[in-house]
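Structure, as structure tokens:
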Amino acid sequence: MTLSERAPGLAVQPQPLVTSLTRPPAEDDVRSASRRFAANRFAKLMLAFLAIIVLLSATLAGVAVVFIGDRVVAEAQNRVASDLNAADAMYRATSDNVYDVVRLQADRFYLRNALLAGDVSQAAPELRATMASEQLDFLTVTNASGTVLLRVAHAGTTGDSMMGQGIVASALRLSQPTVGTTIFTAQMLGRESPVLPNDAEIPLVPTRGARPLTQTTETDGLVLLAAAPVTDADGRVIGGLYGGLLLNRRYQMVDTIRQTVFGGEQYDGRDVGTSTIFLDDVRIATNVLEGDGSRAIGTRVSQEVYDRVVLGGQRWVGRAYVVNAWYIAAYDPLRDAAGRVVGMLYVGTLEQPYVDLRVRTSLLFLGITLAAVLAAAAVSYFFSRRFSTPVRALVAASRRVAAGELDTKVPVTSDDEVGELASSFNTMAASLKARDDQLKEFARRKVMESERLAIVGQLAADVAHELNNPLQGIVTYSYLMLERLPPEEACRTQVEKIASEATRCATIIRGLLDFSRPKKPQMRPEDLSTTIDECLSLVEDRAIFHNIEVVRDYEPHMPRAVMDPAQMQQVYMNLIINAAEAMDGAGRLTVTTRHDAARGVVQASFRDTGRGISPENMSRIFDPFFTTKEVGHGTGLGLAISFGIVREHGGTITVESGEGAGTTFTVELPVGASQEAGQ
């Protein structure tokens, strides 16, 4: 194939450039009219451009303002949801602390011995000290049936059964510690401690948006309750211990949550963050403040939140009016041991900082957008006027170059980017002219070289064919002479040399014939891994492979490639033997097969740990008769023939190597090759 066949149309014949140095008398009027038309067109273009800028800027500004507002709200909601998770963790930590205290005291010997002795009053001093140190509101001992034997916080109120209380009953029946949130009535609280009913009682405050309610006072208490069985040495339940915290008016927990989550941050003199514990829909512990600065105890949550969290049992995150201000709020349900929702845990952050941030950001963005529109209009006008004339000259010159006038030049009238562009255009035109001349010369030389090589190749093939027959006779008769000559014959060494060199010549000629007149491949679908395995089985028993580790890394379930198996075996055998010789018979040969579905090819890679190929030889390894082996150990046609076979299959063969780093040959064959791949 000649160069002109590969790239038709590269050699463009230059057209004569006609330049007029004089103008007709009427041409000045024509040019003046053209300038007026161009100026009018420029004004229309500028107006259209400004209209587009204003429209796009207004659209982008509107979208951006909405997007900024939505993102600010979304970020606030994400933050408050994260804060609620932290509050949940702190609530669970308090619950776990009560659980640990009760569980550990239930395992103490003093309580077990007191129950076994039938005198639980022996354990009262130790339990009283524990209740005080751990700040529990009550701590009570029962027998195995749940009957109260000792109330540390209210001595003398014994004999009642606690088996109706789910957490206590669960601990005794299942013989394992239990903790949870539950509701104690005023009567139950009074039995545990005489002060707890007063602590729990909270007057209800009318609240905007709350559900209708007839009662005026909340007397129940929300309690963190833990219970644990007391067992004897044999593991039998002999009693129980339960204790708890009344959450009504327990401000320490909500204040700790606020300080931990929000760090005391304030905005306009108000705390940004708030936290609340609800019994049903009533605030029983909170740091949300009334207008007079008092805690908003007894206020209630809105109907919307109540329906979603208490009745629906789901988390609620959104904008809510809390007592006297808008908050970004989050509520989680608090459930008892039976899974019923008995209250809520809330955290919220003031909405006003986010509203102000959204307004400031939107105004800033709108101001920037307006300034950018004005600046863009001014700059566009200036540069459009400045660039219009030289750009038109460049356009006209480009058309002339496209028409073949490669001698075209553009006047350079400035030192700015437009002048640089004009200079680059002139350089490009000159380069195109030089490249055009070079391509013509290159094409002429390549055509002559191709014709010369074709003649030489045909002559070499004919000579090789003519020499093949007499050379085969020399090989045959030399081996016959060797069979007849006794071993002690003096001339036997010379005859062996004749036979060896004649065989070598025959091999070279056969390779030359295969290279010059390759056979057309007989294509059929074949499994690549099977074909390579057949090649490896033919060579693995040779002496050169005894110290070579062959690693097979085959991809399973590869599609079949359409190939001539005999010809591809010749390619793979050549690569395998070359790898063994490069490793001097010792090393590791890794054979890898892969399917590249995106490119529609299958790959076979042969990686050795040999001495590698020097950079100066990399570009010549596929040249005919090039070899780095010693004389008599190679013809230099193996890789050239392999290259031709792979090319006839529509594939590629590549090599990666470095001196001392081994060599990798990769053969790629198309999966969808047709029967005409070699045509």
Members of segment 398-419 that are outside any loop (DSSP other than H, G, I, E, B) and either at pLDDT below 75 or polar (S, T, N, Q) (or both): 398, 417, 418, 419
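Of the residues 298, 291, 339, 313, only one is of a type outside the set (Asp, Glu) and buried (at least 16 other Cβ atoms within 10 Å of the Cβ); which? Walk me through how you get there before you give the answer.
Values: 291 fails: buried (at least 16 other Cβ atoms within 10 Å of the Cβ); 339 fails: buried (at least 16 other Cβ atoms within 10 Å of the Cβ); 313 fails: buried (at least 16 other Cβ atoms within 10 Å of the Cβ).
Going through 298, 291, 339, 313 in turn, the sole match is 298.
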Which listed residue, of 48, 93, 87, is modelled with pLDDT under 90 and part of a helix (DSSP H, G or I): 48
Checking residue 90 against (1) closer than 26 Å to residue 256 by Cα; (2) crowded, with 19+ Cβ neighbours inside 10 Å, the condition it does not meet: (2)
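How about segment 650-679: which of its residues are at pLDDT 60 or above and touching an Asp or Glu at 6+ places or on another chain (Cβ under 7 Å)?
Within segment 650-679, the first condition is being at pLDDT 60 or above, and the residues that meet it are 650-672.
Hits for segment 650-679 are 651, 652, 662, 663, 664.
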Single residue of 105, 122, 165 found to be surrounded by fewer than 17 Cβ atoms within 10 Å (Cβ to Cβ), closer than 24 Å to residue 235 by Cα and touching a helix residue (DSSP H, G or I) at 6+ places or on another chain (Cβ under 9 Å): 122
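Condition (residue is acidic (Asp, Glu), in the same structural domain as residue 231 (by TED's automatic domain parsing) and surrounded by fewer than 21 Cβ atoms within 10 Å (Cβ to Cβ)) applied to segment 186-196: is it met by at least one residue? Give the derivation first.
Restricting attention to segment 186-196, the residues satisfying the condition of being acidic (Asp, Glu) are 192.
Checking the rest, the ones that are also in the same structural domain as residue 231 (by TED's automatic domain parsing) come to 192.
From what's left, surrounded by fewer than 21 Cβ atoms within 10 Å (Cβ to Cβ): none.
No: segment 186-196 contains no residue that is acidic (Asp, Glu), in the same structural domain as residue 231 (by TED's automatic domain parsing) and surrounded by fewer than 21 Cβ atoms within 10 Å (Cβ to Cβ).
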Residue in segment 215-232 that is nearest to residue 283 (Cα to Cα), counting only those that are of a type outside the set (A, V, I, L, M) and part of a strand (DSSP E or B): 218
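Yes or no: residue 98 over 29 Å from residue 254 (Cβ atoms), in a helix (DSSP H, G or I) and of a type in the set (Val, Ile, Thr)? First the steps, then the outcome.
Values: over 29 Å from residue 254 (Cβ atoms): no; in a helix (DSSP H, G or I): yes; of a type in the set (Val, Ile, Thr): yes.
Against the criterion (over 29 Å from residue 254 (Cβ atoms), in a helix (DSSP H, G or I) and of a type in the set (Val, Ile, Thr)), residue 98 does not qualify.
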Odd one out for residue 252, checked against (1) surrounded by 14 or more Cβ atoms within 10 Å (Cβ to Cβ); (2) not in a loop (DSSP other than H, G, I, E, B); (3) not aliphatic (A, V, I, L, M): (1)
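If you go through segment 233-249, how many residues are within 53 Å of the chain's Cα centre (by Cα) and not in a loop (DSSP other than H, G, I, E, B)? Even if it seems obvious, please write down each step before you answer.
Within segment 233-249, the first condition is being within 53 Å of the chain's Cα centre (by Cα), and the residues that meet it are 242-249.
Filter once more, keeping what is not in a loop (DSSP other than H, G, I, E, B): 242-246.
Qualifying residue count for the region: 5.
Here is a yes/no grid of residues against (1) among the small types (Gly, Ala, Ser); (2) modelled with pLDDT of 60 or more; (3) farther than 30 Å from residue 433 by Cα; (4) in a helix (DSSP H, G or I):
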site: 11; (1), (2), (3), (4): yes, no, no, no
site: 21; (1), (2), (3), (4): no, no, no, no
site: 28; (1), (2), (3), (4): no, no, yes, yes
site: 103; (1), (2), (3), (4): no, yes, yes, yes
Where residue 349 falls short, out of the listed (1) at pLDDT 80 or above; (2) closer than 30 Å to residue 423 by Cα: (2)
Unique residue being in the same structural domain as residue 264 (by TED's automatic domain parsing) and under 19 Å from residue 206 (Cβ atoms) when the list is 305, 355, 341, 309: 305
Segment 362-393: number of residues that are modelled with pLDDT of 75 or more and among the polar types (S, T, N, Q): 2
Conditions (1) buried (at least 24 other Cβ atoms within 10 Å of the Cβ); (2) in a strand (DSSP E or B): number failed by residue 257: (2)
Per-region count, segment 566-594, residues among the charged types (D, E, K, R), under 13 Å from residue 545 (Cβ atoms) and not in a helix (DSSP H, G or I): 2
Residues located in segment 285-299, provided they are in a strand (DSSP E or B) and touching a Lys or Arg at 6+ places or on another chain (Cβ under 7 Å): 285, 286, 289
Residues that are touching a residue at least 60 places away in the same chain (Cβ under 8 Å) and among the hydroxyl-bearing types (Ser, Thr, Tyr), drawn from segment 197-223: 207
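The values are calculated or read from the model by the stated rules, or taken from the named source; none is laboratory data. Predicted model only: the values in this text are computed from it and were never measured. Cβ atoms come from the backbone with ideal geometry, glycine included; neighbour counts cover every protein chain shown.
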